[in-house]
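What follows is one structure encoded as structure tokens, with my remarks underneath.
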Amino acid sequence: MQIDKYAVFGDPIEQSRSPLIHQTFAKQRNERIDYQKILGQKGNFSASLDDFFADPNAKGCNITSPFKQDALQWVTELSPAAVDAGAINTIIRLDENRFRGETTDGAGLVLDLKHQDFCISNSRILLIGAGGAARGVILPLLEQGAKQITIVNRTKAKAEDLANWFDNSNVLATDFLQMASESSQPYDLIVNCTSASLSGQLPDLSDDVLSKASMVYDMVYLSAPTAFLEHASRLGVVNTSDGLGMLVGQAAHSFNFWRGYMPDIEPVMQQIRSML
Ligand code: NDP
């Protein structure tokens, strides 16, 4: 019996939980899949994808840092969400020679927020960071009815470029100094889309703005609460979440594209959490 093959490409890749997540999804329906982690070739990433998809049983793959933009060049077609995000994290084999690039990070965040009963519709959201992760969540949040999305970033010009790219009056850029000097209406949700928590650092956001948020989210997930979430809790924010649910949510959307059904994310989240 032929087994469908999948993989995740990145560099580094050893730390990836994707094989475990996807194998666990498949077991929910007693299906067998082959899912490997593969170190991508820097500078020649298309060769990594050529090799993998030379096998007709290779049905799709995930792409992680730093290849999300390289992969976009390789596929034969892109979803509208992938065009907007400017990067892909999922490739779906359509037939022998056609491959669609998708992005599911934003859908993963939306799924996790809904899972936590956060109402995106009509909400005011602050995104800290202007890298690929921030860019990928803007359209999915707007599609769910977010009223306003404000972007703030250490490098202000990048926040402005990102807001301009969306060319939507509900997407704005600001800077940390301006935010601290204004007494703005509280945000419903503040999402840390920076990698600062990986090194235990805090973005420059004022305590006043952070403390008034209804919910605070950090895309990073670690074995303990991130520095950002700990800080928010100390300031009295009750509703905080790390990005583990986003990780499992984006994987669930990839799985759905490949295999045609949405797996249950809750047991997988619990399993991964216990292993962090
Ligand atoms: P990028 O490298 O594209 O962007 C990094 C962003 O972080 C930039 O805005 C950068 O600011 C900012 N930044 C980095 N260090 C600091 C710091 N010390 N203080 C303030 N800002 C900082 O990365 P991505 O956008 O792809 O990813 C960002 C994070 O999100 C990563 O940690 C990644 O692991 C996580 N992520 C989690 C996902 C999940 O499923 N949970 C999915 C996708 C990403 P500047 O422009 O000034 O350099």
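The values are calculated or read from the model by the stated rules, or taken from the named source; none is laboratory data. Here the structure is a predicted model, which is why all the values come from computation and not from measurement. Cβ placement follows ideal geometry from the backbone for every residue including glycine, while neighbour counts extend to all protein chains displayed. Just so you know, the surface numbers come from the protein's heavy atoms only, side chains and all, with ligands and any DNA or RNA stripped out. Shrake-Rupley method; radii C 1.70, N 1.55, O 1.52, S 1.80 Å.
Taking the Cβ-Cβ separation of residue 46 and residue 161 as r and a Förster radius of 35 Å, what is the calculated FRET efficiency to the nearest 0.05? Taking R0 as 35 Å, the efficiency between residue 46 and residue 161 is 0.85.
Each peptide in 54-66, 264-276 receives the mean, over its residues, of other Cβ atoms within 10 Å, and ordering these scores from highest gives 54-66, 264-276. Legend: P(r) of region 76-148 from all alpha carbon pair distances, 10 Å bins from 0, whole percents, reading 19, 46, 25, 8, 1. If each of residue 14 and residue 264 carries a label point 7 Å out from its Cα toward its Cβ, how far apart are those two points in nm? Result for the modelled spin labels: 3.5 nm. Candidates 148, 233, 206 compared by Cα position along the dipole of region 137-276: farthest toward the positive end lies 233, with charges placed on Cβ. Packing here is the average count of other Cβ atoms within 10 Å per residue, and on that basis the peptides 34-41, 105-112, highest first, run 105-112, 34-41.
Proximity of backbone amide H atoms, modeled 1.01 Å from N, is registered between residue 171 and 149 at under 5 Å, excluding neighbours fewer than 5 places apart on the same chain. Note that region 229-243 has calculated 3J(HN,Hα) couplings of 5, 4, 5, 4, 4, 4, 7, x, 6, 8, 9, 10, 8, 8, x Hz, one per residue in order, obtained from phi through the Karplus relation 6.51 cos²θ - 1.76 cosθ + 1.60 (θ = phi - 60°); glycine and proline are x.
Using the Karplus relation 6.51 cos²θ - 1.76 cosθ + 1.60 with θ = phi - 60°, the per-residue 3J(HN,Hα) values for region 168-182 come to 9, 5, 8, 10, 10, 10, 9, 10, 4, 5, 4, 4, 5, 8, 9 Hz, with x marking Gly and Pro. When each of the peptides 217-223, 84-90 is scored by the mean number of other C-beta atoms lying within 10 Å of its residues, the order from highest to lowest reads 84-90, 217-223.
At the listed q of 0.16 Å⁻¹, the Debye profile of the chain, built from one uniform point per Cα, gives log10 I(q)/I(0) equal to -1.26.
Using Cβ point charges alone (K and R +1, D and E -1), the dipole size of region 14-75 about the Cα centre works out to roughly 320 debye. Applying Stokes-Einstein at 25 °C and 0.890 mPa s to the Kirkwood radius of region 1-131, computed over alpha-carbon pairs, gives a translational diffusion coefficient of 153 µm² s⁻¹.
Annotation: amide H-H contacts under 5 Å for residue 240 (H modelled 1.01 Å from N, sequence separation of 5 or more, or interchain): 216. Each helix, a run of at least 4 DSSP H residues, gives -39500 (n - 2.57); summed and divided by the residues of the chain, these come to -11500 deg cm²/dmol at 222 nm. At a probe radius of 1.4 angstrom, the accessible area of the chain per residue rounds to 46 square angstrom. With a simple spin-label model that places each label point 7 Å from the Cα along the Cα-to-Cβ direction, the separation between residue 27 and residue 212 comes to 4.7 nm. Applying the Kirkwood pairwise sum to the alpha-carbon positions of region 106-242 produces a hydrodynamic radius of 14.7 angstrom. Here the relative contact order of region 106-242, from alpha carbon pairs under 8 Å that lie six or more residues apart, stands at 21 percent. When GluC sites (Glu not before Pro) are flagged only if DSSP places them in a loop and at most 10 other Cβ atoms lie within 10 Å, the longest unflagged stretch of the chain comes out as 97-276. Checking the Cα-Cα distances for 147/212; 27/114; 59/158; 42/158; 156/212 against a 29 Å cut-off, the pairs over it are 59/158.
Here is the result for region 126-210: no chymotrypsin sites (Phe, Trp or Tyr not before Pro) lie in DSSP coil with at most 14 other C-beta atoms within 10 angstrom of their C-beta.
Counting only the Cα atoms, region 167-276 fills a convex hull of 143 Å³ per residue. Spin-label model, residue 114/residue 97: points 7 Å from Cα along the beta carbon direction are separated by 3.8 nm.
Contact order for region 1-138, expressed relative to its length and based on alpha carbon pairs under 8 Å spaced 6+ residues apart, stands at 20 percent. Please report the spacing between the Cα centers of region 158-209 and region 230-264 in Å, no decimals. Computed from Cα coordinates, the inter-centre distance equals 21 Å.
I'd like the carbon and sulfur percentage of the solvent accessible area for region 53-142, probe radius 1.4 Å, heavy atoms only, ligands and nucleic acids excluded. The value for region 53-142 is 49 percent carbon and sulfur by accessible area.
Each residue of region 8-16 was assigned a 3J(HN,Hα) from its phi angle through the Karplus expression (A = 6.51, B = -1.76, C = 1.60, θ = phi - 60°), giving 10, 10, x, 7, x, 9, 3, 6, 5 Hz with x at Gly and Pro. Only one residue of 63, 20, 91 has its Cα farthest out toward the positive end of the dipole of region 1-103, where Lys and Arg carry +1 and Asp and Glu -1 on Cβ, and that residue is 20.
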